[in-house]
Amino acid sequence: MYNCSLLKFINLKNKYGNLTPIEETVDVPFNIKRIYYISKVPQGLNRGSHAHRKLHQVLICLNGSVKVKVKNPKEESEFILDDATVGLYIGPYTWSEMYEFSEGTVLLVLASDFYNESEYIRNFDIYMEEANKRY
Ligand code: TYD
């Protein structure tokens, strides 16, 4: 899907456990300026439901599982994230929704810029109006 894809990271696995390194511009297609993580999401609650005008992000489910629906004016896909060695890259002008968080889910997000509310699009009609010019 345009501006959205799964990334497979290296998993260094040995008798001591697993280690997954992620380097900016090498393993993810941008420089990482911010990370945040989402946890303890109440059962049945949905998150997301927005797009970003500029931000590039990679979502990595470190524990548990979560579903992510991504949309643009031409395409729609659903991903199940349940593997800490897999990232979901979501680029600008991609609408995303996260739901069905399992108990204990920890979702790590790598982001290309600092938090800036003004580059969010939180209204789907406005998203479609702006995104239609780009797709
Ligand atoms: P939001 O991005 O809407 O979270 P989600 O998509 O998971 O539902 O952010 C939720 C709140 O947290 C909102 O008030 C903005 C704030 N926030 C920050 O202050 N800094 C951040 O880096 C992020 C991602 C959110």
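Just a few scattered comments:
- Restriction of the trypsin sites (Lys or Arg not before Pro) in the stretch 46-132 to DSSP coil positions whose beta-carbon has at most 13 other beta-carbons within 10 angstrom yields LYS54, LYS74, ARG122.
- Helix-only [θ]222 nm of the chain, DSSP H runs n ≥ 4, -39500 (n - 2.57) each, per residue, nearest 500: -2000 deg cm²/dmol
- Heavy-atom SASA rank of LEU19, LEU107 (probe 1.4 Å, accessible area, largest first): LEU19, LEU107
- Normalised per residue, the volume of the convex hull around the Cα set of the chain (Å³): 108
- Accessible-area composition of the chain, carbon plus sulfur, in percent [1.4 Å probe]: 50
- For the stretch 81-131, applying the loop criterion from DSSP together with a ceiling of 12 other beta carbons within 10 Å to the chymotrypsin sites (Phe, Trp or Tyr not before Pro) yields PHE114, TYR115.
- Using the Cβ-Cβ distance between SER118 and SER49 with R0 = 25 Å, the FRET efficiency computed as 1/(1 + (r/R0)^6) comes to roughly 0.90.
- Over the stretch 1-115, relative contact order from alpha-carbon pairs under 8 Å, at least 6 apart, %: 39
- Value of Rg/Rh across the stretch 8-70 [Cα atoms, Kirkwood radius]: 0.99
- Residue order for ILE35, ILE60 - accessible surface, 1.4 angstrom probe, largest first: ILE35, ILE60
- In terms of accessible area, using a 1.4 Å probe and ignoring ligands and nucleic acids, ASP27, ASP113, ASP82 rank largest first as ASP82, ASP113, ASP27.
- Most mobile of SER102, SER39, SER49 in a GNM of the chain (Cα contacts under 10 Å): SER39
- Using only side-chain charges placed at the Cβ, +1 for Lys and Arg and -1 for Asp and Glu, the dipole size of the chain relative to its Cα centre rounds to 160 debye.
- For the listed residue pairs LYS8/LYS133; LYS13/LYS40; LYS15/LYS67; LYS33/LYS54; LYS74/LYS133, the alpha carbons are over 22 angstrom apart in LYS8/LYS133; LYS13/LYS40; LYS15/LYS67.
- When the GluC sites (Glu not before Pro) in the stretch 49-132 are filtered for DSSP coil states and for at most 16 other beta-carbon atoms within 10 Å of their beta-carbon, the remaining sites are GLU75, GLU100, GLU103.
The values are calculated or read from the model by the stated rules, or taken from the named source; none is laboratory data. Predicted model, so just to flag it, every value in this text is computed and none were measured. No Cβ is skipped: glycine too gets one built from the backbone with ideal geometry, and neighbour counts run over all protein chains shown. Heavy atoms of the whole protein, side chains included, go into the accessibility calculation; ligands, DNA and RNA do not. Shrake-Rupley method; radii C 1.70, N 1.55, O 1.52, S 1.80 Å.
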